[in-house]
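Asks: First the structure, which I've put down as structure tokens, then a few questions once you've had a look.
The values are calculated or read from the model by the stated rules, or taken from the named source; none is laboratory data. As the structure is a computational prediction, the values presented were derived from the model and not from experiment. Cβ atoms come from the backbone with ideal geometry, glycine included; neighbour counts cover every protein chain shown. The accessibility values were calculated without ligands, DNA or RNA, using every heavy atom of the protein model including side chains. Shrake-Rupley method; radii C 1.70, N 1.55, O 1.52, S 1.80 Å.
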Number of protein chains: 2
Amino acid sequence: MSHSNPAPPVPAGPVRPGRDARTALTPAVAAEILGGFWHGRREVNARVGIPQGARLLESAGNLHNLRLAAGTAGGAFQGDFPFMDSDVYKWLEAAAWQLGPSGTPDDGVLAAEVDRVTALVAAAQQSDGYLNTWFQVTKDGRRYEDLRWGHELYCAGHLIQAAVAHHRTTGAKELLDVAVRFADHLDSVFGSDRQIDGFDGHPEVETALVELYRETGERRYLDLAGYFVDRHGHGLLGGEAYCQDRVPLREQRHVEGHAVRQLYLLAAAADLAAETGDSELLGACERLWTAMVATKTHVTGGLGAHHDEEDFGDPYELPNERAYCESCAAVASVHWSWRMALLTGEAKYSDLIERTLFNGFLAAVSLDGERWLYVNPLQVRDGHTDTGGDQSARRTRWFRCACCPPNVMRLLASLEHYMTSTDADGLQIHQYATGRYTGDLLGTPTIVSVHTEYPWAGRITVTVEDGPTDRPWTLSLRIPQWCTGRTVEVSGAATGAAVVDGGWLRLERNWTPGDEVTLDLDIAPRLVEADPRVDAVRGCVAVERGPVVYCLEGVDHPGGGLDDIVIDLARPLTEERRPELLGGVVTVTAAGHRRTPPDDGWWPYHRSTGPAGAPAAPSDGDLVLTAVPYYSWANREDGAMRVWLPFR
Amino acid sequence: MSHSNPAPPVPAGPVRPGRDARTALTPAVAAEILGGFWHGRREVNARVGIPQGARLLESAGNLHNLRLAAGTAGGAFQGDFPFMDSDVYKWLEAAAWQLGPSGTPDDGVLAAEVDRVTALVAAAQQSDGYLNTWFQVTKDGRRYEDLRWGHELYCAGHLIQAAVAHHRTTGAKELLDVAVRFADHLDSVFGSDRQIDGFDGHPEVETALVELYRETGERRYLDLAGYFVDRHGHGLLGGEAYCQDRVPLREQRHVEGHAVRQLYLLAAAADLAAETGDSELLGACERLWTAMVATKTHVTGGLGAHHDEEDFGDPYELPNERAYCESCAAVASVHWSWRMALLTGEAKYSDLIERTLFNGFLAAVSLDGERWLYVNPLQVRDGHTDTGGDQSARRTRWFRCACCPPNVMRLLASLEHYMTSTDADGLQIHQYATGRYTGDLLGTPTIVSVHTEYPWAGRITVTVEDGPTDRPWTLSLRIPQWCTGRTVEVSGAATGAAVVDGGWLRLERNWTPGDEVTLDLDIAPRLVEADPRVDAVRGCVAVERGPVVYCLEGVDHPGGGLDDIVIDLARPLTEERRPELLGGVVTVTAAGHRRTPPDDGWWPYHRSTGPAGAPAAPSDGDLVLTAVPYYSWANREDGAMRVWLPFR
């Protein structure tokens, strides 16, 4: 679809730094994904995920709870958690992005559904702005008695984000009014009057309040967000890392505690640094991001090692089979990294976003859009005994704690806004997705079109459609961290002069509408190893191709499981386009064999064979290892899967 | 101490198979550990652990709760769990074993303490035999409403075991009367009348009821135990593996769910197989034991991989740093394996007992007897952030859920009973501890003395003190599974003719009092590797010497942490007696180096260097790796530790 209206002068997506914000980059003022890989995933999200989400919120009782709070229905509260409302808000946010100019053309059904749910939310709100159905219905309206676990402000945060999205995409004020009333109420309780000195055990309201400030211009919201961020870490909620209360964020050396909580808090810290120029907060964010990625990130971009408390482990504690890697943490990681990319202009943040999107994030939703993973392990063994429940390694239609599905929906629905940015010197392309992106270059609308079959092909064609013609400006293309070879042509001529500057290929010239840049990234499949301190995957390699991490699935390897497979590093990887497989993928094949399992002794440990190593393990002969993209696993049958492959 | 009384004609320890039981072996009728390694640990248990336990049960409120239930004290229930009483019972059992003839000579203080606590227990018991302070005090006496989590029968089981121990060692009936009243009550509710068709979510009462049958001859207790065991696995409690309710034990192919629950249930199954000749139950036990040890046992004997739900993982899922290995599971493993050893006569069960005792079990208590580990990880990283609480990797004085300390106490206090057995052909020595052991050989008291510095030295001297002289009989010595070299002499003459039969060295001859057997086990330090399917420790070795598994601690390796250490397999291990260190240990040293950490890039994964491997990692030069026994870790300072050492 195309738009005849002029692009608005401010960024269109979930993050809109204010005019005085200290960010290096400004997000696009308009963006559309029009084809290719992400277009397909977003179509499924629009056609299946979001409509089904509305039905599941009804059947799981979330909407019923709103009616209970409004007094328009009777019966019992449904669900086990004080954060049931947040599922509704995240769904509303997803729907709101979908209703925007870059969403799938709507037949009016979704807009009506949003209005209907908005009315339920508005009706449930109390006269002073408070809104949480759990406390209103099951706790006689007692409030803020359990900030550690109550999630009241967390829910407010998601409401605010939904309201900002709806207002930003449609101009509608109904939901924004509800959010503003709640925010004003929060400010009256926790703000300058300080009736309560505290914060929510699950950060989320902080980043939402900054965005509400950006949307409304109301400075109190920014101040309240800053207050909340800095009250963490002083023991007000008991001092646990789980609640981000062990140490002030400004003093933290490593991300810790519950991964999603940590990441939402860091997103807020980045927002605050942007709006206030707080260099200490910025420094903490940079330090924590680098330490996190270098020591606590799975190869899929997955974050949060422990099932227990859903928290980060120690540095390099990155278990394979019991990787937790909550889907919500992948969403939160993208949120934070995007804010960091805007703040600093550094490409590495968008490198992590890319890796997360194509792997740890996208694995969370099935190809048909109907089933979900809450946790994203990197290995499932032969004969795995699944415990079911939210932490199952099997895709599930909905969860008792259904935080992840609508979180994935809202990121997919707003994904076009994470692709490009501008600064005073030009336009930056962070992610490669076929589409049309408009930035504001010192007042001049600057438009580029991208065409690519990425991630299956490494060729990206960028056409400059509009922009300043009276002066040179710089088109910056991110050269992904994984990429070691590339060529670039501008309008058919090789440009050996292009500079790669910290991950950015900088093309500075006088651009003319119609100029075309062709970037060819070497996307040949490759094997990667981990830092040797990642004990869990010693002696193993993972298969990658472009930004995509691969895995083996049992279904492709009949005749024995995956637990005995060994990859042969001496023989080359090959690739094959498989348009009929898993919605269309490129598979990678490697040579390997299956170890003949050791004798069935009763004790699984044996004397070391010394430095020469064991004699070559007996094998069942050559075996073709067929790797499929990790994001596509568990879409055919339940079975074994592994990302890391032993080479001995 | 010595005993002038004739040995009783029945086994003296916690497991007393009935006269008609189908066990291959019969435990000793008297046993004393008189010196050496275990004597030292038991002295600390008697001198520090058990007396301190009584004080901590007072300060943690467990005894207060008994008074509350009896109506002799006022106030609130102390503690968060319905199984607070079981801590008292396990302590009573430990004290009861301590009061027996083989315990440390008592000055009357402990006996008085036991009588005092017994009186508290008796006073708290309700008139119909029911006793659980949590339900009596906090639930208005409502009973059996939550069999899944209530632990009422679990507590009854520990009460029964304590009572049997006290009766068996002292002949006193007070506690046994309480236990019998509770057991009769249970039989009236769950027994033939079947007011309730169910079982306890935490097995324990089953094995206790079998032992009460053995102690009292009352067949109803055996029948009730059999009923409970077979009601598991039919979904009565919801069908979860956690509660051992997913599948009937007779059909199980792998141990599963909560490790301690599974192991206590299996101990009961072995008891039932012994008493009833149920070959199907025996077959299930043999199958499950073999599968468990071959696929779900850490090198320390630790069991239960997951923090989450304290459960077993999948086969070969044996994480290193997040190993759970609950101390109680080590105790339960010894309980079950001993029953299997008696049932089958096979040495492998005592091999696992040995490995568990010297490693996964003994690590649970500090050398000074004052602090405990609930979980027993095999790795703690440099700069580990500890969350505190029961699952801390730091030794703790007591726990909110204090199941482990008194469990360790009761096994230490009864340990002499796991050492020897007899059958119609002779006497078997399962474990090597300096002491005096009396078996009944077809009516003839048969006494052996053992002298050894095991595990520090491999020489074991066994003197036949008494036994049949009119016919040949067989002295059987277990040749440990880890041992590949040994010599044996009888009264100074080499006996090349000795047969090793499934782990047993069989010495059949006409024994004369004073005959002396000298067994020399090759105890030189060695390196072991894991089955290649144990992904967590690929490319690593562990140091062992005799039955002792070793580890590195940070405190012995200043100048950098343990995360970068690499062991050099080409250079020999050496050992050193260190009487001044950690209560007296033999250390093992290996050569190695520290990897120079990779460049501080922001992404911890890199292209594989291919089959030739990476060029030798730069190193800081040679480093002496000093390994100490795993059981002794965390007795000097909190810091890093690792059992598995990378060799690349």
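Asks: Suppose every Lys and Arg Cβ carries +1 and every Asp and Glu Cβ carries -1, with no other charges. What dipole size does region B:526-646 come out with about its Cα centre, to the nearest 20 debye?
Replies: Value, rounded to 20: 340 debye.
Asks: What length, rounded to one decimal in nm, is gained on full extension from A:Asp193 through to A:His234, with 0.36 nm per residue of separation minus their alpha-carbon distance?
Replies: 12.8 nm
Asks: Which shape class applies to chain B: rounded if a/c is under 1.5, otherwise prolate when a/b exceeds b/c and oblate if not, where a ≥ b ≥ c are the square roots of the Cα gyration tensor eigenvalues?
Replies: Because a/c hits 1.5 or more and a/b fails to exceed b/c, chain B counts as oblate.
Asks: Between region A:441-469 and region A:198-277, how far is it from one alpha carbon centroid to the other, in angstrom?
Replies: When both Cα centres are located, 36 Å separates them.
Asks: Then there is this: Got a sec to turn the phi values of region A:502-510 into Karplus ³J(HN,Hα) couplings, 6.51 cos²θ - 1.76 cosθ + 1.60 with θ = phi - 60°, whole Hz, x for Gly and Pro?
Replies: Rounded to whole hertz, the list is x, x, 9, 7, 9, 10, 9, 6, 7.
Asks: Distances longer than 54 Å among the Cα atoms of the protein assembly as shown: what percent of all pairs is that?
Replies: 29
Asks: Same structure, new question: With just the Cα atoms defining each centre, how far is region B:518-533 from region A:486-559? Give it in Å.
Replies: 47
Asks: Then there's this: Enumerate the calculated ³J(HN,Hα) couplings along region A:439-454 in order (Karplus 6.51 cos²θ - 1.76 cosθ + 1.60, θ = phi - 60°), each rounded to whole Hz, writing x wherever the residue is Gly or Pro.
Replies: Along region A:439-454, the couplings run x, 10, 10, 6, x, 9, x, 10, 10, 10, 10, 10, 10, 6, 9, 3 Hz.
Asks: If we hang a label 7 Å off Cα along the beta carbon direction at A:Arg47, how far is it from the matching labels on the other copies, in nm, shortest first?
Replies: 7.8
Asks: Also: Measuring nothing but label to label, 7 Å from Cα along Cα→Cβ, what are B:Arg506's distances to the other copies in nm, shortest first?
Replies: 8.5
Asks: So, one more: Grab the beta carbon distance between B:Asp140 and B:Glu370, set R0 = 35 Å, and tell me the FRET efficiency rounded to 0.05.
Replies: E(calc), rounded to 0.05, equals 0.35.
Asks: Any chance you could count the Lys pairs in the protein assembly as shown whose alpha carbons are under 30 Å apart, treating pairs 8 or more apart or on different chains as valid?
Replies: Lysine pair count for the protein assembly as shown: 12.
Asks: Which one of A:Ala457, A:Met409, A:Thr26 has its Cα pushed farthest toward the positive end of the charge dipole of chain A, where Lys and Arg give +1 and Asp and Glu give -1 at the Cβ?
Replies: Toward the positive end, the furthest listed residue is A:Ala457.
Asks: Sticking with this one: How high is the FRET efficiency between B:Asp223 and B:Phe81 when r is their beta carbon distance and R₀ equals 30 Å, given to the nearest 0.05?
Replies: 0.50
Asks: What is the packing order of peptides A:151-158, B:69-76, taking the mean over residues of other C-beta atoms within 10 Å and listing the highest first?
Replies: Ranking, from highest mean packing down: A:151-158, B:69-76.
Asks: Could you tell me what percent of the accessible area of the protein assembly as shown is made up of carbon and sulfur, with a 1.4 Å probe and every protein chain present?
Replies: 48
Asks: What does the charge add up to near B:Gly360, with Lys and Arg as +1, Asp and Glu as -1, over the other residues with Cβ less than 14 Å from its Cβ?
Replies: Net charge in that neighbourhood comes out at -2.
Asks: Still on this model: Could you please point out the chain B residue with its Cβ nearest to the axis of the rotation taking chain B onto chain A, and the distance in whole angstrom?
Replies: Measuring from each Cβ to the axis, the minimum is at B:Gly539, 2.
Asks: If I model a spin label at B:Ala123 and A:Arg287 as a point 7 Å from the Cα along the Cα→Cβ vector, what separation in nanometres do I get?
Replies: In this crude spin-label approximation the distance works out to 5.8 nm.
Asks: Any idea which of B:Gly313, B:Val490, B:Ser476 is furthest toward the positive side of the dipole for chain B, if Lys and Arg beta-carbons carry +1 and Asp and Glu beta-carbons -1?
Replies: Towards the positive end, the residue furthest out is B:Val490.
Asks: Counting only heavy atoms of protein chains, what accessible area per residue, in Å², does the protein assembly as shown have with a probe of 1.4 Å?
Replies: 32
Asks: Around B:Glu553, what is the net charge, scoring Lys/Arg as +1 and Asp/Glu as -1 over all other residues with Cβ under 12 Å from its Cβ?
Replies: Its environment carries a net charge of -2.
Asks: Could you pull out every residue, at least 5 positions away or on a different chain, whose amide H is within less than 5 Å of the one on A:Asp466? Hs are placed 1.01 Å off N in the peptide plane, and Pro or chain starts have none.
Replies: Answer set, sorted by chain and number: A:Ile447.
Asks: In nm, to one decimal, how far is the A:Thr487 label point from the B:Arg459 one, both placed 7 Å along Cα→Cβ?
Replies: A separation of 7.9 nm, rounded to one decimal place.
Asks: Using alpha carbon centroids, what distance separates region B:29-103 and region A:94-148, in Å?
Replies: 55
Asks: Can I ask one more? Return a whole-number percent for the relative contact order of region B:420-521, with Cα pairs under 8 Å and 6 or more residues apart as the contact set.
Replies: It comes to 28 percent, rounded to a whole number.
Asks: If you put +1 on each Lys and Arg Cβ and -1 on each Asp and Glu Cβ, how big is the dipole of region B:420-521 around its Cα centre, in Debye rounded to 20?
Replies: I would put it at about 240 debye.
Asks: Taking the Cα centre of region A:304-378 as origin and charging only Cβ (+1 Lys, Arg; -1 Asp, Glu), how large is the dipole, in debye to the nearest 20?
Replies: It works out to roughly 340 debye.
Asks: Could you sort A:Ser102, A:Ser127 by their accessible area in this structure, using a 1.4 Å probe and putting the largest first?
Replies: A:Ser127, A:Ser102
Asks: May I ask for the accessible area buried between chains A and B, both sides summed, probe 1.4 Å, to the nearest 100 Å²?
Replies: Result for this pair: about 6100 Å² buried.
Asks: Rounded to the nearest 0.05, what FRET efficiency do B:Val500 and B:Asp20 give with R0 = 45 Å and r taken as the Cβ-Cβ distance? Could you check?
Replies: Efficiency, from the Cβ-Cβ distance: 0.90.
Asks: Per 0.36 nm of contour for each residue apart, how much would the distance between B:Ala524 and B:Asp568 grow if the chain were fully extended, relative to their Cα-Cα spacing?
Replies: 14.1 nm
Asks: Shifting gears a bit: Bin width 10 Å, alpha-carbon pairs only: give the P(r) of region B:526-646 as whole percents, running from 0 to the bin holding the largest distance.
Replies: Per 10 Å bin, starting at zero, the Cα-Cα P(r) for region B:526-646 comes out as 12, 41, 34, 11, 2 percent.
Asks: For B:Glu576, place a label point 7 Å out from Cα along the Cα→Cβ vector, do the same in each other copy, and report the separations in nm, one decimal, smallest first.
Replies: So the label point of B:Glu576 gives 6.0 nm to the other copies.
Asks: Within a Cβ distance under 10 Å of B:Val541, other residues only, what is the Lys/Arg minus Asp/Glu net charge?
Replies: 0
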